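Read the structure below first, then the notes.
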Amino acid sequence: MQFVNPQFFWALLVPFVVFAFLISTNKDRLSRIFDEKVLKRLSATEESMPLAVRNILMLLALFLMIVAMARPVIIQGDKKVEVQGLTLLSALDISGSMRSTDVYPNRLAFAKKKMQTLFDAMPSDEIGVVAFAYSPFVLAPFTSDKETLKMLVEGVDDSYISMGSTDYDALGEEAKRLLKDKKPKILVLFTDGGDKEAITGFADSMKENGITMYVVLVGTQKGAPVIGEDGKPYMLQDGTIAITQRNDALGELAKENGGAYVVAGTGKKDIEELVSVIRHTYANQQQGEVTVKEQVELFYYPLGLALLFLLIAFSSLPRRKR
């Protein structure tokens, strides 16, 4: 047998000993006030429990409560448990085009909300997060703590946005590294698309490495001006305003390679449909095994005895003689 919370036992043992000493050595308050003959007339009848026995029962009850708080258990050994769920990597596009305001308030903020909806739709699954543009970096390692993931994603603002072109090859290498030991290998992209030649090579690389790609496309096909760091439309060298449109080609490539895509809209239905497709595809897949200690709880035995002793002690209070 061992204690799960031994700190409770040791922290309360000294106060308990001090309390027991004071109780056992201190005279009853009435014995200090009344004469012995008068006190005998006022004291309990012979049917009541002696004060010393009652004090012992109450001290035993207190001690057993401390033991119960320390939570005694019997360890029966280690047990392997199959953990149901999926592990997936989500990637947030932070390229310059994500400042565009064809969705409210802009593509980056809209994509972040969609990513947080994904977290809510997969509460028991492990999700990692990377941000990507010219160079990808890890925002959060794989975890099932969705509140932490939400907080980290919410912290991504316009200052993260890179005006350089998106390097999908670098994203592919990072995804391959992070998903190396994962089965199945799932990548979910939140992006407005990309250059056709770049994304074709990226999709082929994902397929070669056994990574299934799912895409959440943000923005409109009509497009909107690219917004610079100064909050003004970005001007090309010929003096015209740069316009960025949502490119659905990446989604089509994902679908061709066994994945799927959705165009992000208002509400949660789009993400819920994508999660449904992912779960259906990997319905019988397991995240793996975890080892847990199998133990038998014993705290209710000392707790039950403590309550019994208290009941006996309080039910045997002195009764005054008539």
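The values are calculated or read from the model by the stated rules, or taken from the named source; none is laboratory data. A quick note: this is a predicted structure, and the numbers were derived from the prediction, not measured. Ideal geometry is used to build each Cβ from the backbone, glycine not excepted, and the neighbour counts take in all protein chains shown.
Of all residues in the range 153-169, those that are among the charged types (D, E, K, R), surrounded by 12 or more Cβ atoms within 10 Å (Cβ to Cβ) and not in a helix (DSSP H, G or I) total 1.
Please work out which residue is farthest from LEU62 (Cα to Cα), limiting yourself to the range 276-315 and to residues that are in a loop (DSSP other than H, G, I, E, B) and at pLDDT 85 or above. The qualifying residue farthest from LEU62 (Cα to Cα) is TYR282. Of the residues making up the range 211-245, those that are within 28 Å of LEU89 (Cβ to Cβ) and either exposed (fewer than 13 other Cβ atoms within 10 Å of the Cβ) or under 33 Å from the mean Cα position of the chain (by Cα) (or both) number 10. Among the residues of the range 173-210, those that are surrounded by 16 or more Cβ atoms within 10 Å (Cβ to Cβ) and in contact with a Pro (Cβ under 9 Å, 6 or more places away or on another chain) comprise GLU174, ALA175, LEU178. Of all residues in the range 106-127, none that is outside the structural domain of VAL188 (by TED's automatic domain parsing) has its Cβ atom under 7 Å from the Cβ atom of a residue that is outside any helix (DSSP H, G or I) and modelled with pLDDT of 95 or more, 6 or more apart or on another chain. The set of residues from the range 151-165 being under 18 Å from LEU89 (Cα atoms) and in contact (Cβ under 8 Å) with a residue 40 or more places away in the chain comprises VAL153, GLU154, VAL156. Residue selection: LEU152 satisfies the criterion of being under 27 Å from the mean Cα position of the chain (by Cα) and either farther than 18 Å from TYR261 by Cα or of a type in the set (Phe, Trp, Tyr) (or both).
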